[in-house]
Amino acid sequence: MLTIRKARQEDCQSIGNVHSAAVEGIRTALYTPAEIQAWAIPKQPESYEESIRTKEFFVAEEDGIIMGFGVLNRESAEVEAVYVSPQGGRHGIGLGVLRTLEERASALGLRELRLNASLNAVLFYEKAGFVAKERSKYRLTTGVEIACVPMVKAISE
């Protein structure tokens, strides 16, 4: 059974593993192998620990295994991440995590959410009610820039 819960400090290694697996599992010509490789490098555990402490950070867990995660920065009203491991793809895990972030945003009184969607995720976010803006660039922590699409969604109370 799938459970979505607040992330804990001891989840950091699994979160990094999901991040890497999700990016490495992208099968598209929208990004070069070099971009995928730079993007797949997980953040340092300290970075995840800091985000767990300071942001709305949730994990999707099934049978004790973390299958996905999502991060909402309440200060900037930005969904910073939604990642699902390839084994969990197409099973509603990403949407469940995204809806949890939207519920938290509403509870916090945020009026809209923003995010930078990877090109392969634009359709997913459009189906969830986000509206695309003009294509842009996103700088990864590795310094590599990849194409993205800024998106926005109004949040109802």
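Provide the convex hull volume over Cα atoms per residue for the stretch 2-115, in Å³. Don't skip to the answer; put the middle values down first.
Details: hull volume 11.7 nm³, N = 114.
Normalising the Cα hull of the stretch 2-115 by residue number yields 103 Å³.
Tell me, 62, 24 in order of fewest to most beta-carbon neighbours within 10 Å? Present the calculation step by step, with values, prior to reporting the outcome.
Working: 62 16, 24 13.
Starting with the residue having the fewest Cβ neighbours, the order is 24, 62.
Give a residue-ordered list of calculated ³J(HN,Hα) values for the stretch 69-83 (Karplus: 6.51 cos²θ - 1.76 cosθ + 1.60, θ = phi - 60°; whole Hz; x for Gly, Pro).
Taking θ as phi minus 60°, the curve returns 7, x, 10, 10, 8, 5, 5, 9, 6, 10, 7, 8, 6, 9, 10 Hz for the stretch 69-83.
How large is the convex hull of the C-alpha atoms of the stretch 27-93 per residue, in Å³?
Values: hull volume 8.3 nm³, N = 67.
Each residue corresponds to 124 Å³ of Cα convex hull volume.
What dipole magnitude, in Debye to the nearest 20, does the chain give about its Cα centre under +1 on Lys/Arg Cβ and -1 on Asp/Glu Cβ? Walk me through the numbers before you get to the answer.
Details: 19 positive and 21 negative charges, 78 e Å.
Dipole magnitude for the chain comes out near 380 debye.
Restricting to the chain, compute how many DSSP beta bridges are antiparallel as a %, nearest 5. Walk me through the intermediate numbers first.
Details: 31 of 33 bridges.
In the chain, DSSP labels about 95 percent of beta bridges as antiparallel.
If packing is taken as the average number of other Cβ atoms within 10 Å across a peptide's residues, how do 15-22, 125-132 rank, most packed first? Mind showing how you got there, number by number?
Numbers: 15-22: 20.0, 125-132: 15.5.
My ranking of the peptides, most packed first, is 15-22, 125-132.
Report the paramagnetic label zone for residue 112: residues of the stretch 123-157 whose backbone N is under 18 Å from a point 7 Å from Cα along the Cα-to-Cβ axis.
What the label zone holds, given the 18 Å backbone N cut-off, is 125-136, 149-157.
Give the residue from 4, 68, 36 lying farthest towards the positive end of the charge dipole for the chain; charges sit on Cβ (+1 for Lys and Arg, -1 for Asp and Glu) and the dipole is referred to the Cα centre.
36
Taken together, the values in this text are just the output of simple stated rules run on the coordinates, not laboratory data. Quick caveat: nothing in here was measured; it's all calculated off a predicted structure. Please note: Cβ atoms are built from the backbone with ideal geometry, for glycine as well, and neighbour counts cover all protein chains shown.
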